[in-house]
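In what follows, a structure is listed as structure tokens, so that the remarks can point back to it.
The values are calculated or read from the model by the stated rules, or taken from the named source; none is laboratory data. Just so it is clear, the model here is predicted, and its values are computed rather than measured. Methodologically, a virtual Cβ is constructed for each residue, glycine included, from the backbone with ideal geometry; neighbour enumeration extends over all protein chains shown. These area figures cover heavy atoms from the full protein model, side chains too; ligands, DNA and RNA do not enter into them. Shrake-Rupley method; radii C 1.70, N 1.55, O 1.52, S 1.80 Å.
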Amino acid sequence: MSAAMRNPAAKPETADGPVVAVRDLRAWYRLRLFGVDREVKAVDGITFEVRKDEIYGLAGESSSGKSTLVKTIAGAMRPPLEIVGGEIQFSFMDGTMGLNRAPADLVERVRWRHLSYVMQGSMSVLNPVRRIGTSFFDFAFRHMGLDKAGFEAAVVAHLARVNLPASVLKAYPHELSGGMRQRVTIALATICRPQFIIADEPTTALDVVVQKDVLAMFRSIQREMASSVLFVTHDMGVHAHLTDRLGIMYAGRLVEEARTPDVFARPRHPYTRHLIHSLPRIGDDRPRSGLEGTPPSLANPPSGCRFHPRCAFATERCRVEVPPMEQVAPDHRVACFEKDRVEATP
Amino acid sequence: MTGALLELDSVSKTFTRGGLFSRTQVEAVIDVSFRLEAAKPEIFSIIGESGSGKSTLARIILALQTPTRGVARFKGRDLATLRDGADRHAFMAAVQPVFQNPFEAFNPLKRLDRYLYATCQRFAGAKTETAMQEGADKALRQVGLSLAEVKGRYPHELSGGQLQRVAIARALASGPSLLIADEPVSMVDASLRASIVNLFRKLRDELGLSIIYITHDLATAYSISDRIIIMQKGQVVESGDARTILADPKHPYSRTLKESVLEPLAPGERPLFAR
Ligand SMILES: Nc1ncnc2c1ncn2[C@@H]1O[C@H](COP(=O)(O)OP(=O)(O)O)[C@@H](O)[C@H]1O
Ligand SMILES: Nc1ncnc2c1ncn2[C@@H]1O[C@H](COP(=O)(O)OP(=O)(O)O)[C@@H](O)[C@H]1O
Ligand SMILES: [Mg+2]
Ligand SMILES: [Mg+2]
């Protein structure tokens, strides 16, 4: 991409290499409460890649570490969150720590143009005392190479894709509903057509009808630019319809990853299986069950496989050893000692 | 007992917004009628997008707001005539809300058991420490917890699912006959959603509770509800048996809603946003 080459921050892109490669990443919240140190191991040994030209989905129950993982990749960490180990390598810049510890001017050049991040919760990047139109100007104008009139026309056209009228440009954030603010945030993150978009639960607060339009927009922008999207949601229905590959997190670790249809058709990890079987469907009267047992504490996670206390397949080995992610089929990795037994069980 | 537990008769609610010169009227609820039978506990769902008037309807049923037109009755009593004091007290014991987001509903600095003791004391006539503990334990057991698990704990010490159960137990502690659950599952994953839905079903079957379940999630509404109403801009556009309606909605708006639900694909089905 010519823009990437012009940017001094960018290194020449390898043709089809991943846009980001994450290796054995560990990011913990290190807290000191009442004189006692406490470490919340929210991301604890995660390895995966987001390829060029794909939407990679991340799923998992709440508190499994999804937001922490993407915050770390987006370079949006704040104390007490720290990287404890591992690497983050982007195609568009050098180094193995991604945006973390990068100089401010480099971060500035990479943001919006190469990487943009839609945080969970809608107020995030919007400045409460600036009109929406001003925020667009601040973030995007210098990246777009258009004159003022051309820029405004581009912004208005882009807002229409998320079903927002041009009049929102004159509004202040608090004058918009939560759903509208969320769509403004999404429009901001996508207007510069960055190579890599990270979006954390971007549609969870939206109504289903609007959600559908917003998801369609994510796909069309991704397709136009052959760009990459890391899309986080706990909603498996969204993953089924949008993402190309899907990673399942449990208690700070990735437990399974495959092409999205394979995750649904052939889940190999007991947790993934449970997740798929608990989904309600209109017209299907089969009873669903919730997961038994207590959710794991990330400050004091279970030994061995973190899912073992809630797993019907667990053996002594699962209680002691950490199962590694292993390839079981093309593009399909699972971290489970009992994966063959799981697969053989109807 | 025969007759209606809850009856809404052409209920409307209009809000006036804006300042001196630019007043606008918002018709939040328009001419809504339905009836829950006392003899037939059920899960009755109110479905609609945000702004469709669901929470306004909930507040009317909880007697927190009065209708602009029409009548809402609980066990034959017009809620607009409830007076403060013993009257309202008895009503509040019988009709309880379930907090929407338990993370926000509970004060982080307040022990969870205190919420249960307060409800037992206020509504269930528990006068002694022992009576309050017994009441709290009973309510917690109805949701699959126990006082031993909750006693002395603060909100951050429990998981989202456990907190959600404590919120339901708190509502049960007054011995209600109707629960109003406004979007209790909107932010939680499918597994937790399934546990909550199963719990509601159990409360209906074992305690004979009626539950008004307010949601925009059609799939969960399908799996849990006996009857539903679908609201659009304050009006009920379709109502009746949940399975019949959701299997084959008739109103264009209900159809749009159903078509927008993203469910896992059936074999051979194409994703909506395929590459
Ligand atoms: N600022 C923080 N300080 C301490 N712990 C945190 C903080 N933010 C999140 N956590 C903890 O990290 C874990 C993972 O949280 P999060 O990444 O938000 O999960 P998810 O996005 O999957 O719901 C949770 O146990 C959460 O309580
Ligand atoms: N106290 C109020 N004052 C003014 N307008 C209100 C008030 N409460 C609700 N509304 C309006 O009534 C409509 C219905 O709101 P609500 O009942 O909260 O819908 P829902 O719960 O379905 O999202 C909305 O347009 C909302 O802005
Ligand atoms: Mg999150
Ligand atoms: Mg509401």
Under 20 Å Cα-Cα from A:Lys212, which lysines qualify once same-chain neighbours fewer than 8 residues away are excluded? B:Lys233, B:Lys258
More than 34 angstrom apart: percent of Cα pairs within the protein assembly as shown: 48 percent
Can you list residues whose amide H is under 5 Å from A:Leu176's amide H, if they're 5+ apart or on another chain and H is modeled 1.01 Å from N? none
From the cross-link list A:Lys148/A:Lys170; B:Lys110/B:Lys202; B:Lys13/B:Lys75, the entries with a Cα-Cα span beyond 24 Å are B:Lys110/B:Lys202
If you find the alpha carbon centre of the range B:130-159 and of the range A:198-258, how far apart are they in angstrom? 37 Å
Stretch gain in nm, segment A:Glu175-A:Leu33, where the contour uses 0.36 nm per residue and the Cα spacing is subtracted: 47.3 nm
Near the amide H of A:Gly98, under 5 Å away, which other amide H atoms are found, from residues 5 or more places off or on another chain, if H is placed in the peptide plane? A:Ile88, A:Phe90
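What do you reckon, how do B:Lys250, B:Lys75 stack up by accessible area (1.4 Å probe), largest on top?
My answer, sorted largest first, is B:Lys250, B:Lys75.
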Most to least packed among A:169-175, A:71-77 [average Cβ atoms within 10 Å]: A:71-77, A:169-175
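Sequence gap at least 6, Cα distance under 8 Å: using those rules, report the relative contact order of chain A to the nearest whole percent. Mind dumping the intermediate values first?
On the way: 631 pairs, mean separation 66.4, N = 346.
Dividing the mean separation by the residue count of chain A yields 19 percent.
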So what is the 222 nm mean residue ellipticity for chain B from helices alone, if each DSSP H run of at least 4 adds -39500 (n - 2.57) and you divide by all residues, rounding to the nearest 500 deg cm²/dmol? -11000 deg cm²/dmol
Whole-angstrom Cα spans of the range B:116-275 along principal axes, big to small: 60, 35, 27
What's the whole-number percent of alpha carbon pairs in the range A:112-166 lying beyond 12 angstrom? 71 percent
Taking the dipole of chain B about the Cα centre (Lys, Arg +1; Asp, Glu -1; charges at Cβ), the one of B:Gly48, B:Val26, B:Leu199 that reaches farthest to the positive side is B:Val26
Per-residue SASA entry for B:Ser22, accessible area with 1.4 Å probe, Å² rounded to 10: 80 Å²
Once the Cα atoms of helix A:178-190 and of chain A are each reduced to a long axis, what angle between those two axes, in degrees from 0 to 90 to the nearest 10, is obtained? 80 degrees
In degrees, nearest ten, helix A:208-225 long axis to first principal axis of chain A (Cα): 80 degrees
What ranking of B:His156, B:His89, A:His274 comes out by heavy-atom accessible area, probe 1.4 Å, highest first? B:His156, B:His89, A:His274
Considering amide H positions built from the backbone, and no H for Pro or chain starts, which residues 5 or more places from A:Ile198, or on another chain, come under 5 Å of its amide H? A:Ser116, A:Tyr117, A:Val118, A:Leu230
Per Stokes-Einstein, at 4 °C and 1.567 mPa s, what whole-number D in µm² s⁻¹ belongs to the range B:107-152, with the Kirkwood radius over Cα pairs as the hydrodynamic radius? 124 µm²/s
Provide the solvent-accessible area of A:Phe90, counting protein heavy atoms only and rolling a 1.4 Å probe, rounded to the nearest 10 Å². 10 Å²
Using only the Cα atoms of the range B:167-256, construct the convex hull and provide its projected area averaged over every direction, in square nanometres to one decimal. 6.4 nm²
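For the range B:51-152, give the magnitude of the charge dipole about the Cα centre (Cβ charges: +1 Lys/Arg, -1 Asp/Glu; no others), in debye to the nearest 20.
320 debye
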Sum of side-chain charges, A:Asn163 neighbourhood, beta-carbon under 12 Å (Lys, Arg +1; Asp, Glu -1): +1
Cα-based Rg of the range A:178-221 per 2.2 N^0.38 Å, rounded to two decimals? 1.07
Under the Karplus relation with 6.51, -1.76 and 1.60 and θ = phi - 60°, whole-Hz ³J(HN,Hα) for the range A:256-272, x at Gly and Pro, equal 7, 8, 6, 4, 3, x, 6, 4, 6, 7, 9, x, 10, 8, x, 5, 4
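Per residue of B:261-269, how many C-beta atoms from partner chains lie within 10 Å of its own C-beta, taken as a mean? Intermediate results must be reported in sequence, preceding the final value.
Details: counts 7, 13, 10, 13, 7, 2, 1, 0, 2.
What the average comes to for B:261-269 is 6.
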Kindly provide the pair-distance distribution of chain B built from C-alpha pairs, with 10 Å bins from 0 and whole-percent values in order of increasing distance. 6, 27, 33, 23, 9, 2, 0
Chain A - charge dipole about Cα centre, Lys and Arg +1 at Cβ, Asp and Glu -1, debye rounded to 20: 560 debye
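Per residue of B:219-231, what is the mean number of Cβ atoms on other protein chains within 10 angstrom of that residue's Cβ? Walk me through the intermediate numbers first.
Working: counts 7, 3, 2, 6, 9, 1, 0, 0, 0, 0, 0, 0, 0.
Mean shielding count: 2.
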Here the range A:126-142 yields Karplus 3J(HN,Hα) values (6.51, -1.76, 1.60; θ = phi - 60°; whole Hz; Gly and Pro given as x) of 7, 6, x, 9, 10, 5, 4, x, 5, 4, 4, 4, 4, 7, 10, 4, 6
Can you pull out the buried accessible area for chains A and B, both sides counted, probe 1.4 Å, rounded to the nearest 100 Å²? 3400 Å²
Spatially proximal aspartates and glutamates relative to B:Lys127 (Cα-Cα < 18 Å; intrachain offsets below 8 disregarded): B:Asp113, B:Asp137
Using just the Cα positions, wrap the range A:3-243 in a convex hull and report its mean projected area in square nanometres, one decimal place. 13.8 nm²
A:Val320-A:Ser220 pseudo-label distance in nm [points 7 Å out on the Cα-to-Cβ vector]: 5.8 nm
Using a Gaussian network model on chain B with a 10 Å cutoff between Cα atoms, which of B:Ala90, B:Ala63, B:Ala38 fluctuates the most? B:Ala90
Projected area averaged over orientations for the range A:129-266, convex hull of C-alpha atoms, nm²: 9.4 nm²
